[in-house]
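Let me begin by presenting the structure, written as structure tokens, before commenting on it.
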Amino acid sequence: MNRRACKLHFEVAPLKIVRASRQYLFDDQGSEYLDCISNVSHVGHCHPHVVLAGQEQMAQLTTCAGFLDDKMVEYAKRIIETLPDQLCVCYFLNSGSEANDMALRLAKSYTKNDHFIVVENAYHGNIATTLDVSPLKWKKMGTVKKDWVHVVDCPDIYRGKYKEDSENPGALYAADVKKIIKNIQKKHDKGGIAAFISEPVMTAPGVIIPPKKYLQYVYRYVREAGGLCIADEVQVGLGRSGENFWSFQNFDVVPDIITVGKPLGNGYPMALVVTKKEIADSVMEFNSTFGGNPVACAVGMAVLDVIKNEKLMSSAKSVGRCLIDGFKAIAQKHDNIGDVRGMGMCVGVDIVKEKGSRKPAKEVAEILAYKLKEQKIIVANEGPEKNVMLILPPMCFTCDNARCVVQAFDTALTEIELGSSSDGVGVKDEQRISVPLNILTAPPGLLDEDSSDEDGPAAKQAKYEEMD
Ligand code: PMP
């Protein structure tokens, strides 16, 4: 398998998953793993109601692009019911990347402007246009910042420019966005803003929950400059945030365009863009061969049924609480847990060298992921430094699962602190955590990548500003 063409979740001793059910994965050896990361399998892997809906539709009609289609109309209606009235036109696509590409296209055609504002370390997809607005991947993908893309600070009150003790960090971060908008307008002849695109709950930059009012201010400034506001709901939409069906609703804003992907089809590839009528009217034509096919619509409706019937939103809220409370409790005894943050069933545990410095501890985080794997628990490393442990499980995850994960973190971190490893190789006391861990505590090959500070978030931002 070409490692560049197909990135593996565990590059050392990769897993071969052959079957999955609810929140559990099974490998080819018959081992069961607790899946903390498959937000794609939103209502649980292979949920029987969703499987049946797909199977029945597969046997009846799989494609009818260009013909009248009741299933598509019914599904669109059900999605629109969950949204504010203005968001009433759906485009059916096949992936989150495609949805974001369509959102950028809509913004350009409606505003007749070309400039986009994106958040530092954001990720919005793997196709050319969406990579252009995904600073997180620029270095790895060899993408160069385009003139029409402008990067603003991530509103991170833990590690960013304005921290939790600032008077009103939301307003301060937003004021910087306003300055950048002014700069764009000054520097570029045709400096019109087409849109600001962000995840409302910013998973790619490391599960950053924007401070109060940040999005309200930013949306206002962008609109004053003639731009639109795009909310990328690919990761946290469809009830995951617990309180609300859409994550933007937690911040008292209404975007002009929303994009959704991953969770919609519970694994069946499908995506949506929903926007306002006047914005949709600006695009002359749209078609997609597979977008909104009858199987996708049947599956999509079955997913909505399960969210409602199994009360998964309230579960996201209570299980999310269990996770956050549990991690906060063990954070008191582990100097490596710098911060615990999240919303509903989207939780990030920020692994640091020590609490005082808040410096990301990428190596510890990577070893932690492998140690959790040994305990049959799968988590991901997220954020620019890969030091944020991401918990984004299927929504059937339970409080018992949450307790089990917290317990496993506790055990693994204790082992790391004591310098012991599963193969019995220890690290010396002075090598504990504050310095890169003894390579022998990690699976071979794990710590190969260069993690120098030269390309850290602050340095990157300085570079973007120079470029602007
Ligand atoms: N937006 C966000 C926030 C994402 O996390 C992703 C995928 N990880 C995408 C867009 C792209 O979605 P897809 O991989 O389905 O194209």
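So how many residues does segment 89-99 have that are more than 17 Å from V299 (Cβ to Cβ), touching a Gly at 6+ places or on another chain (Cβ under 8 Å) and away from the ligand (no atom under 12 Å from the Cβ)? Residues that pass the stated criteria total 1.
Residues in segment 174-192 that are among the charged types (D, E, K, R) and either more than 24 Å from the chain's Cα centre (by Cα) or open to solvent by less than 10 Å² (accessible area, probe 1.4 Å) (or both): K178, K179, K182, K186, K187, D189, K190. The single condition from (1) in contact with a Gly (Cβ under 9 Å, 6 or more places away or on another chain); (2) within 16 Å of the ligand (Cβ to nearest atom) that M102 fails is (1).
The set of residues from segment 144-167 being over 23 Å from I209 (Cα atoms) and open to solvent by 30 Å² or more (accessible area, probe 1.4 Å) comprises V144, K146, D147, W148. Looking across segment 128-154, the residues that are within 14 Å of L104 (Cα to Cα), part of a loop (DSSP other than H, G, I, E, B) and within 18 Å of the chain's Cα centre (by Cα) come down to V133, S134. In the set A204, A171, A195, which member is at pLDDT 95 or above, open to solvent by less than 40 Å² (accessible area, probe 1.4 Å) and part of a helix (DSSP H, G or I)? A171 is the lone residue from the list that is at pLDDT 95 or above, open to solvent by less than 40 Å² (accessible area, probe 1.4 Å) and part of a helix (DSSP H, G or I). Scanning segment 277-312 for residues that are more than 30 Å from M345 (Cα to Cα) and part of a helix (DSSP H, G or I) yields K277, E278, I279, A280. Across segment 118-150, the qualifying residues are those that are more than 16 Å from the ligand (Cβ to nearest atom) and on the phi < 0 side of the Ramachandran plot, and the one among them that is modelled with the lowest pLDDT is K139.
Considering only segment 90-122, state which residues are among the polar types (S, T, N, Q) and open to solvent by 10 Å² or more (accessible area, probe 1.4 Å). Result: N94, S95, S97, S109, T111, N113. Criterion applied to E56, E81 was being in contact (Cβ under 8 Å) with a residue 24 or more places away in the chain, of a type outside the set (V, I, T) and more than 16 Å from the ligand (Cβ to nearest atom), and the one residue passing it is E56. Summed over segment 372-406, residues that are farther than 19 Å from I17 by Cβ, in contact with a helix residue (DSSP H, G or I) (Cβ under 8 Å, 6 or more places away or on another chain) and open to solvent by 10 Å² or more (accessible area, probe 1.4 Å) total 7. Determine if segment 221-244 includes at least one residue that is out of contact with any Leu (no Cβ under 9 Å at 6 or more places or on another chain), basic (K, R) and away from the ligand (no atom under 16 Å from the Cβ). Yes, the conditions are met somewhere in segment 221-244.
Residue-wise test of (1) within 24 Å of K262 (Cβ to Cβ); (2) touching a residue at least 60 places away in the same chain (Cβ under 8 Å).
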{"site": "L372", "(1), (2)": "yes, no"}
{"site": "I378", "(1), (2)": "yes, yes"}
{"site": "N401", "(1), (2)": "yes, yes"}
{"site": "L413", "(1), (2)": "no, yes"}
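In segment 337-366, the qualifying residues are those that are touching a Leu at 6+ places or on another chain (Cβ under 9 Å) and within 18 Å of R321 (Cα to Cα), and the one that is surrounded by the most Cβ atoms within 10 Å (Cβ to Cβ) is V349.
The values are calculated or read from the model by the stated rules, or taken from the named source; none is laboratory data. On a predicted model such as this, the values are computed, not experimentally measured, just so you know. Quick reminder, even Gly has a Cβ in these numbers, built from the backbone with ideal geometry, and neighbours come from all protein chains shown. SASA here: full protein model, heavy atoms, side chains in, ligands and nucleic acids out. Shrake-Rupley method; radii C 1.70, N 1.55, O 1.52, S 1.80 Å.
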